[in-house]
Amino acid sequence: MASHTGRLVLSPSDPDAAPDPTQLRDGLTDAGLLGEPILSVPGAYRVGPQFLVLITFAGCAVHLETEATGDDARPFTHVRLTGPEPESRFRQGRNTRPPRCPRCRERLSDWRSRLQPGSPLACPACGMVAPACAWDWRTQAGCGRLFVDIEEVFPGEALPTPGLMDTLAAISGHPWRYFYQQDR
């Protein structure tokens, strides 16, 4: 099985915010990020007509498959809306690097062995104890109740434009952030 290319994940900056998913879907459709639903995958959409205006790609030879090709159904770039979850969920992947303490900025190099669902992380340098969502994961992991996943995008290869971030804030009433995730 091939490794997961990755995804660009967008979520409200407040990990406990849960904007209305119907308003989000309708607003992102109107903005042109979302195209037709992919009926075989709940919450998944083909990229919309303004996708390449709202998401900026870097690199010298970016190639996007935006449709399933052939019978082997290779992964292709599409958008998934997930949530809202009952409570904030921490999302990380194989690309996630050690976070920094929110107080002293020390790296927590053994975070994977310390991370337990529902339990806070403790900084060995300053003693600060805080939930995983409070730590600085940069763009390597994040928390939220509602997510917009841009699937099959290599971490760092794509950025949401300021226009998309403004659109998300206008739709939801909350500022948004982004991070990257690669499945194992």
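Read the figures in this text as sums done on the coordinates, not as results from a lab. Bear in mind the structure is a predicted one, so any value in this text is a computation, not a measurement. For neighbour counting, all protein chains shown are included, and Cβ atoms are generated from backbone atoms with ideal geometry for every residue, glycine included.
The Cβ shell under 15 Å around Thr139 holds other residues with a net charge of +4, Lys and Arg each +1, Asp and Glu each -1. Using alpha carbons only, how many angstrom separate the centre of the range 72-103 from the centre of the range 1-61? Spelled out, the Cα-based centre of one part sits 13 Å from the other. Cβ crowding within 10 Å, taken as a proxy for footprinting-reagent exposure, orders Ile171, Ile150, Ile38 from fewest neighbours to most as Ile38, Ile171, Ile150. Working note: Karplus 6.51/-1.76/1.60 with θ = phi - 60° gives the range 31-37 the couplings 6, x, 6, 9, x, 5, x Hz, where Gly and Pro are set to x. Remark: the range 15-22, residue by residue, has Karplus-estimated 3J(HN,Hα) of x, 9, 6, 9, x, 4, x, 5 Hz, where x stands for each Gly or Pro and the curve is 6.51 cos²θ - 1.76 cosθ + 1.60 at θ = phi - 60°. Electrostatic bookkeeping for Thr82 treats Lys and Arg as +1 and Asp and Glu as -1; over the other residues with beta carbon under 15 Å from its beta carbon, the sum is 0.
For Arg89, the residues whose modelled amide H falls within less than 5 Å of its own, excluding neighbours fewer than 5 places apart on the same chain, are Gly144, Arg145. Taking a Cβ cut-off of under 13 Å around Ala122, the surrounding Lys, Arg, Asp and Glu residues balance to a net charge of 0, with basic ones at +1 and acidic ones at -1.
Calculation over all alpha carbon pairs of the range 35-179 in 5 angstrom steps from 0 returns a P(r) of 2, 8, 15, 18, 18, 15, 11, 8, 4, 1, 0 percent. A cut-off of 5 Å between modelled amide H atoms, ignoring neighbours fewer than 5 places along the same chain, links Ile38 with Ala44, Tyr45, Arg46. Using just its DSSP H runs of length 4 or more, each adding -39500 (n - 2.57), the chain gives a mean residue ellipticity at 222 nm of -4000 deg cm²/dmol after division by all residues. Amide H to amide H distances under 5 Å link His78 with Glu151, where only residues 5 or more positions off or on other chains count and H is placed in the peptide plane.
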